[in-house]
1. Any idea which residue in segment 210-247 is surrounded by the most Cβ atoms within 10 Å (Cβ to Cβ), counting only those that are of a type in the set (S, T, Y) and touching a strand residue (DSSP E or B) at 6+ places or on another chain (Cβ under 6 Å)?
2. From T189, T99, grab the single residue that is under 24 Å from E73 (Cα atoms) and in contact with a Phe, Trp or Tyr (Cβ under 6 Å, 6 or more places away or on another chain).
3. Identify the residue in segment 128-181 that is part of a strand (DSSP E or B) and open to solvent by 50 Å² or more (accessible area, probe 1.4 Å) and, among all such residues, is nearest to L212 (Cα to Cα).
4. Please count how many residues of segment 185-209 are in contact with a helix residue (DSSP H, G or I) (Cβ under 6 Å, 6 or more places away or on another chain) and surrounded by fewer than 15 Cβ atoms within 10 Å (Cβ to Cβ).
5. Would you point out the residue of segment 9-46, among those that are touching a strand residue (DSSP E or B) at 6+ places or on another chain (Cβ under 7 Å) and of a type in the set (G, A, S), that is farthest from R150 (Cα to Cα)?
6. Hey, could you check segment 15-32 for residues that are surrounded by fewer than 21 Cβ atoms within 10 Å (Cβ to Cβ) and in a loop (DSSP other than H, G, I, E, B) and say which is farthest from the chain's Cα centre (by Cα)?
7. Starting from residues that are aliphatic (A, V, I, L, M) and touching a Leu at 6+ places or on another chain (Cβ under 8 Å), keep the ones in segment 16-44 and report whichever is nearest to N72 (Cα to Cα).
8. Mind listing just one residue for me: the one in segment 69-91 that is touching a helix residue (DSSP H, G or I) at 6+ places or on another chain (Cβ under 8 Å) and outside any helix (DSSP H, G or I) and, of those, farthest from T209 (Cα to Cα)?
Amino acid sequence: MSRLLILGASGYLGSKIVENGKKQGWEVTGTCFQNLHEQYSQVDLREESACAELLRQANPDVVIWAVMSGENETALIQKGLSGVLSHISPATRLLFVSTDGVFEGAQGPYQERDAPSFWNRDSSLAAYCNAKLAGEEMVRSGHLDHAIVRSGPIYGPDADGRWDNRVRQLTEAWEKGERVVRSSNVLRTFIHVDDLANALLELAGSEWTGTLHVGPSSFESYYTFAQKTALRFGYDPALVEEDQISREDAANKGIKLDLRLDTSLACRSLHTSFRSV
């Protein structure tokens, strides 16, 4: 049985990797920090000595970086990921979960070979995307046996059956009889959390290295995602109003219009199936 260490095991994605990994026969250990969980070790990954001791005790065959810290992402990457890279065994495989936000967002779908770019904007979202891109570069140059996995927005229930924030906000509005407005020209490759977890586990057990875009071949706008979510939960899709945002307004508000990912390589290379919304 292979040993799998999930960094961020108590989080939304991490909890599904743990659940599915145990079902697939992995020996799973994990960390938590803010979302405390009795099954996992509370570790501040920004402390290098804590990283070193964690890796020594867990002695993993595979490490999955599934940590997310929002506005503190920069420090988490600069200190935490740096600590992991300093103390991980060369024989240990490392998977780094990244984001579609590393791209400019002017014209998708983006392939793995397309050049990402740092976001020159003072916002928490820009800081998060820039930190992820910096993390990609650190992993690529700092550890040979790695896979960098980019995805679009994640949706679906976590290990406790709790749906993601995007879906909960929609259903809570509809439960009150409120209409929501969503843009039909903001385009993304949405991925179900189970499918992302399973793709990561498949990559964990493989020898594939490099950067991979995962998700279905289809894409959605925020508008069509909300419509399909309404139908899924038994609400009238007419409760979703369509609008479009101009490029000027999108730039002013820090919205990347088109972050569709070309996932054809993953669809060809992996056995994991990616469901459409």
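The values are calculated or read from the model by the stated rules, or taken from the named source; none is laboratory data. Since this is a predicted model, take the numbers as computed values, not measurements. Here the Cβ positions follow ideal geometry from the backbone for every residue, glycine too, while neighbour counts run over all protein chains shown. SASA here: full protein model, heavy atoms, side chains in, ligands and nucleic acids out. Shrake-Rupley method; radii C 1.70, N 1.55, O 1.52, S 1.80 Å.
1. Y222
2. The match here is T189.
3. W163
4. Total satisfying the criteria: 0.
5. Residue satisfying both the conditions and the ranking: S41.
6. Here the answer is G25.
7. Going through the qualifying residues, I end up with V43.
8. So the residue we want is S69.
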